[in-house]
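Let me begin by presenting the structure, written as structure tokens, before commenting on it.
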Amino acid sequence: MVSDAKARMIEGAARLLAEKGLQETSFSEVVALTGAPRGSIYHHFPGGKASLVAQALDFQRTRSLAVIESARGRTAVEVASTFLEAWRRLLLASRFTIGCSAVAVAVAADSDDLLQRSGAVFRGWADLLAELLALGGVPADAAPAAAALLVAGSEGGVILSRAQSSIEPFEAVAGQLIAHVEALSRPAAD
């Protein structure tokens, strides 16, 4: 069982990664954000910062997969919309200060383990999205590429919206992604 202080620190690290990036996510920042006892850092994360970041990525992966999974049984367009709406809400609620913790690690990791964990987040999203898109009406052979496009496009839209402090870039990208999924979901004309 994960202690309350450890769980707060993991969740806080995931948030800081998404807000400030890998280099700026320090134990001091995590302690300040979460109110966790400073003495518990090395007790809970004997492997140091890399251990905390790895567990934060695992937390992020689990939480985001649950969001995607909530669209199971829906149309492909609804699956894509669910995924994109989660990003839209995050951008708006944070006033464009939060992005993706997995991106933060992917662009700055100097550890193969952390890079692989970041990749596992993206693979997990793409695999589940592909499965649900296929169940929702996208041809099975097109679903993996459509899922990869959803992940890459949404991440790009998030980055543009953060950089411009505006939802407009994200909305433009999201609109094109939904149109693509709609086109793939249409039955072929005889």
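The values are calculated or read from the model by the stated rules, or taken from the named source; none is laboratory data. The shown structure was predicted, so the numbers you read here are calculated from the model rather than taken from an experiment. In this analysis, Cβ positions are derived from the backbone assuming ideal geometry, glycine residues included, and neighbour counts consider all displayed protein chains. Ligands, DNA and RNA are stripped out before the accessible areas are found, and what is left, the full protein with its side chains, is counted by its heavy atoms. Shrake-Rupley method; radii C 1.70, N 1.55, O 1.52, S 1.80 Å.
Observations on the model:
- Region 1-100 has equivalent-ellipsoid semi-axes of 29, 15, 10 Å, by the square roots of 5 times the alpha carbon gyration tensor eigenvalues, sorted largest first.
- Computed from label points 7 Å out along Cα-Cβ, the spacing between ASP58 and ALA7 is 1.5 nm.
- Taking 0.36 nm per residue of separation and subtracting the current Cα-Cα distance, fully stretching the chain between GLN23 and SER40 would add 4.0 nm.
- Relative contact order (percent, whole number), the chain, Cα cutoff 8 Å, 6+ residue spacing: 23 percent
- Between the helical axis of 112-135 and the longest alpha-carbon principal axis of the chain there is an angle of about 30 degrees.
- The stretch between LEU90 and SER70 holds 5.5 nm of extra length on full extension. This uses 0.36 nm per residue minus the Cα-Cα distance.
- Local net charge near MET9, Cβ-Cβ under 14 Å (Lys/Arg +1, Asp/Glu -1): +1
- Couplings 3J(HN,Hα) of region 180-186, computed from phi: 5, 5, 4, 5, 5, 7, 5 Hz, in residue order, whole Hz [Karplus 6.51 cos²θ - 1.76 cosθ + 1.60, θ = phi - 60°; x for Gly and Pro].
- Ellipticity at 222 nm from helices only: DSSP H runs of n ≥ 4 in the chain, each -39500 (n - 2.57), divided by the residue count, give -24500 deg cm²/dmol.
- Between GLN116 and ALA152, the simple label model (points 7 Å from Cα in the Cβ direction) yields a spacing of 2.4 nm.
- Applying 1/(1 + (r/R0)^6) with r as the Cβ-Cβ distance of ARG123 and ALA50 and R0 = 25 angstrom yields a FRET efficiency of 0.80.
- Packing here is the average count of other Cβ atoms within 10 Å per residue, and on that basis the peptides 153-160, 42-49, highest first, run 153-160, 42-49.
- Stretched out straight at 0.36 nm per residue, the stretch from ALA163 to ILE178 would grow longer than its current Cα-Cα span by 3.1 nm.
- Solvent-accessible heavy-atom area per residue, rounded to whole Å², over region 85-130 at 1.4 Å: 48 Å²
- With every protein chain in place, the chain: carbon and sulfur % of accessible area (1.4 Å): 56 percent
- Part-to-part distance (alpha-carbon centres) for region 125-190 and region 89-113, which is given in Å: 19 Å
- Region 58-182 - Rg and Dmax from Cα coordinates, angstrom: 14.0, 40
- Per-residue packing, averaged as other Cβ atoms within 10 Å, sorts the ranges 145-152, 20-27 into the order 145-152, 20-27, beginning with the highest.
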